[in-house]
1. Any chance you could count how many residues in the stretch 34-58 are exposed (fewer than 13 other Cβ atoms within 10 Å of the Cβ), at pLDDT 95 or above and assigned to a loop (DSSP other than H, G, I, E, B)?
2. Just checking, how many residues over the stretch 1-33 are among the charged types (D, E, K, R), surrounded by 12 or more Cβ atoms within 10 Å (Cβ to Cβ) and part of a loop (DSSP other than H, G, I, E, B)?
3. Kindly establish whether Ile48 is among the aliphatic types (A, V, I, L, M) and under 14 Å from Val85 (Cβ atoms).
4. Please count how many residues of the stretch 1-40 are of a type in the set (S, T, N, Q) and over 19 Å from Pro55 (Cα atoms).
5. I'd like to verify a number: residues in the stretch 63-91 that are farther than 19 Å from Phe27 by Cα and not in a strand (DSSP E or B), how many?
6. With the structure loaded, tell me whether Ala37 is among the aliphatic types (A, V, I, L, M) and under 12 Å from the mean Cα position of the chain (by Cα) or whether it fails that test.
7. Among the residues that make up the stretch 73-85, is at least one of them exposed (fewer than 13 other Cβ atoms within 10 Å of the Cβ), among the aliphatic types (A, V, I, L, M) and free of Cβ contacts under 8 Å to residues at least 60 places away in the same chain?
Amino acid sequence: MDTTTFTTELKATGFDDIAEKHCTANFTSDPHAHAFAVRGLVTAGEFILTKEGTPASYRAGDMFEMDANCVHTEASGAEGTAYLVGRKHPQ
């Protein structure tokens, strides 16, 4: 999916806080949670999202989702990663 279509779909489904994110090679976050739901599209590299102890790897063109308050870690592969993310804040 291209980023223009993805952005349109994000806005149409309430994910209207949209940002482009970049992570350096081999980045790993500490476990954390967000008060908002997330829907993302990887645009470059590899993005590894670990939820409830289970890692999932996403590459360019792959989409990922996460519910609000989900404890998780985020990581990037050897080449780093870039992704477009929409956040859906509670009303």
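1. Restricting attention to the stretch 34-58, the residues satisfying the condition of being exposed (fewer than 13 other Cβ atoms within 10 Å of the Cβ) are 35, 52-56.
Filter once more, so that each one left must be at pLDDT 95 or above: 35, 54-56.
Still in the running and assigned to a loop (DSSP other than H, G, I, E, B): 35.
Looking only at that region, the number is 1.
2. Count: 1.
3. Working: among the aliphatic types (A, V, I, L, M): yes; under 14 Å from Val85 (Cβ atoms): no.
So Ile48 fails the test.
4. Looking only at that region, the number is 6.
5. 7
6. On the way: among the aliphatic types (A, V, I, L, M): yes; under 12 Å from the mean Cα position of the chain (by Cα): yes.
Here the answer is yes, as Ala37 does meet what is asked.
7. Just the residues of the stretch 73-85 that are exposed (fewer than 13 other Cβ atoms within 10 Å of the Cβ), to begin with: 78-79.
Narrowing further to those that are among the aliphatic types (A, V, I, L, M): 78.
Add one more test, that the residue is free of Cβ contacts under 8 Å to residues at least 60 places away in the same chain, and what stays is 78.
Among the residues of the stretch 73-85, at least one is exposed (fewer than 13 other Cβ atoms within 10 Å of the Cβ), among the aliphatic types (A, V, I, L, M) and free of Cβ contacts under 8 Å to residues at least 60 places away in the same chain, which makes the answer yes.
The values are calculated or read from the model by the stated rules, or taken from the named source; none is laboratory data. Computed from a prediction, not measured in an experiment: that's the story for all the values here. Cβ sites come from the backbone with ideal geometry, for glycine too, and all protein chains shown count toward neighbours.
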